[in-house]
Amino acid sequence: MPRRRNLVILAVAAALLTSIGAWRISKARCFQLVGEMTCRVETTQKIVALSFDDGPTPEGVDAVLKTLEPRGINATFFLIGKHMERHPGQGRRLLAAGHELGNHTFTHTRMLGKLPSTYDEEISKTDRLLKAEGANNPVLFRPPFGKRLIGLPLAVDRAGYKTIMWDVEDDAEHHPRPRDYADDILRRVRPGSIILMHPMYDHSQTAKDALPLILDGLKAKGYRVVTVGELLALRRR
């Protein structure tokens, strides 16, 4: 009896450790079990990619375009399918301004433990909406909350997309003042970085206010800001 109990305890412990390990892998920015993934590009050039997640919302698009357009900067927007349905035309506005669109799933739920068909539908529904907005052959995908293990990356590959993560993320929770928020990003950026920001919603005012500070700070440091696609092209040269 004690031996059986010990085996049960060991089995439970092994399952727990496996779950913890899988959870940590699912959150890893720059590691993925299967499929192609990019969190930054190795380069000596002072060039970084700027990316925005979520939306599109009219207020978010208005605020970001107001900041980017006068500076002549283009960025990559990873859009949620259900928000494109709710706000048709916002993706088209971004494309008309010279920006790049990426796929951020349809529902923006954690993509773990789903059926393969669920992953496929999340990507394909959003792909159709991106194309309806005018995106020509979108190929960049970002998992919601950065979470993925095996099923989602395989679905991304099946759809002909590339998983794009990041190495510098905004942190409004710990840096609620725009200046501190911007300085935190500027401290961590390096050549080839992919910067992630979340300016699309009413509660994202800190991100909106920090964006011009970040762009002006990058310029002062000698960085050129490009889209994710332009950054990826450096690897093919």
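Observations on the structure shown:
- Residue match in the range 143-166 (condition: in contact with a Gly (Cβ under 8 Å, 6 or more places away or on another chain) and among the polar types (S, T, N, Q)): yes
- Cβ-Cβ distances below 9 Å connect the following pairs, each with a first residue in the range 210-237 that is under 17 Å from residue 67 (Cα atoms), a second residue that is assigned to a helix (DSSP H, G or I) and of a type in the set (S, T, N, Q), and a separation of six or more residues or different chains: 211/67; 212/67; 215/67.
- Taken as a whole, the condition of being surrounded by 20 or more Cβ atoms within 10 Å (Cβ to Cβ) and of a type outside the set (Gly, Ala, Ser) applies to residue 127.
- Pairs, first in contact (Cβ under 8 Å) with a residue 12 or more places away in the chain and crowded, with 18+ Cβ neighbours inside 10 Å in the range 140-162, second assigned to a helix (DSSP H, G or I) and among the basic types (Lys, Arg), C-beta under 7 Å, six or more apart: 146/27
- Residue tally, condition closer than 23 Å to residue 206 by Cα and over 17 Å from the mean Cα position of the chain (by Cα), over the range 123-174: 2
- Residue selected from the range 161-174 under the condition of a type outside the set (S, T, N, Q) and at pLDDT 95 or above, by the criterion nearest to residue 126 (Cα to Cα): 161
- Pairs are defined by a Cβ separation below 9 Å, a sequence spacing of at least 6 or placement on different chains, a first member in the range 81-99 that is more than 22 Å from residue 229 (Cβ to Cβ), and a second member that is of a type in the set (A, V, I, L, M) and surrounded by fewer than 17 Cβ atoms within 10 Å (Cβ to Cβ); the pairs so defined are 88/132.
- Qualifying residue in the range 101-109 (condition: out of contact with any Leu (no Cβ under 7 Å at 6 or more places or on another chain) and buried (at least 21 other Cβ atoms within 10 Å of the Cβ)): yes
- Some residue of the range 208-227 being under 13 Å from the mean Cα position of the chain (by Cα), crowded, with 20+ Cβ neighbours inside 10 Å and at negative phi: yes
- Restricting 224, 188 to residues that are modelled with pLDDT of 95 or more, over 19 Å from residue 74 (Cβ atoms) and among the charged types (D, E, K, R) narrows the list to 188.
The values are calculated or read from the model by the stated rules, or taken from the named source; none is laboratory data. As the structure is a prediction and not an experimental result, all values here were calculated from the model. With ideal geometry, Cβ positions are generated from the backbone for all residues, glycine too; neighbour counts draw on all protein chains shown.
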